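Everything below concerns the one structure shown next.
The values are calculated or read from the model by the stated rules, or taken from the named source; none is laboratory data. Remember, predicted model here, so these are calculated numbers, not experimental data. Cβ placement follows ideal geometry from the backbone for every residue including glycine, while neighbour counts extend to all protein chains displayed. Side chains included, ligands, DNA and RNA excluded: accessible areas come from the protein's heavy atoms. Shrake-Rupley method; radii C 1.70, N 1.55, O 1.52, S 1.80 Å.
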Amino acid sequence: MDNYIYENITELKTPVGYFFVSDGNVNIPFSIRKNTFNVPYQIYDNNQQVIGELNAETNFSLIIDVNNLKLGCYYTIGFSNGTFSFGGCDEHTESIITTIENWSVGIGAYNPNDDEELEQAIFYTGKDKGNIQYPPVFDETRFVRYTVSSASESFEGFEFKLLDYSYPEIVFNVAWIKNDNYDKDTYEDALDFWLT
């Protein structure tokens, strides 16, 4: 059962803008369901004592049906307002976050080729060069499902390209939360926690 909240929409509205998926010319339809990772985010004081927690009713998975996409074409999942910055990453996932007015907004992406990209970076860097550097272009012959990367230097969203139809959907997590009791970093940290 899909348990969609919205089906085949082209914009997911928030109080400060909307999420969209585009091929650069037209918006691509997507569906929305609750993010299955929706546990409370605990807030600690300097003594590591829990002093509060945050929950978000607006923590969703944005589902793109791969049948609506063309192989080898680039698409963007973005937001209509603001400029995002890197939020964080964890095992094949990455988030980008922004705060607009008194709302924090974020997008999380899963990279099915994260391990292969790391292997290529290690090979590109070589054993004697120190820190790992990623090559300017990846060899995609061993990649699966889709590629994903930050859409630009200003983190306006994620760019992705469909590589095959082996899996029926591509999922990005999106969330937003009002900043009302804590500083914006606390809300952005909570979004990163839910999105990665």
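Tabulated results
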item: Carbon + sulfur, % of accessible area of region 74-196 - ligands and nucleic acids excluded, 1.4 Å; result: 47 percent
item: Mean residue ellipticity (222 nm) of the chain, computed from DSSP H runs ≥ 4 via -39,500 (n - 2.57), nearest 500; result: -4000 deg cm²/dmol
item: Geometric extent, Cα atoms of region 61-146 - Rg, Dmax (angstrom); result: 16.0, 47
item: Largest-first ordering by accessible area, 1.4 Å probe, given options F143, F123; result: F123, F143
item: 10 Å binning of all Cα-Cα separations within region 16-102, expressed as whole percents from 0 upward; result: 12, 34, 37, 11, 5, 0
item: Student exercise, region 57-196 dipole from Lys, Arg, Asp, Glu Cβ charges, in Debye to nearest 20; result: 360 debye
item: Lys pairs, the chain - Cα-Cα below 26 angstrom, 8 or more residues apart or on other chains; result: 9
item: Accessible solvent surface per residue of region 2-151, calculated while the other protein chains remain in place, 1.4 angstrom probe, Å²; result: 58 Å²
item: For peptides 24-30, 132-138, 81-87, 43-49, sequence by mean Cβ density within 10 Å, most packed first; result: 81-87, 24-30, 132-138, 43-49
item: Whole-number Å³ per residue for the convex hull built on Cα positions in the chain; result: 141 Å³
item: Rg to Rh, two decimals, where region 107-196 supplies the alpha carbon set and Rh follows Kirkwood; result: 1.06
item: Loop-resident sites, region 106-196, for GluC sites (Glu not before Pro), counting at most 16 other Cβ within 10 Å (DSSP); result: E153
item: Rg/Rg_globular for region 101-144, with Rg_globular taken as 2.2 N^0.38 Å and Rg from C-alpha atoms; result: 1.63
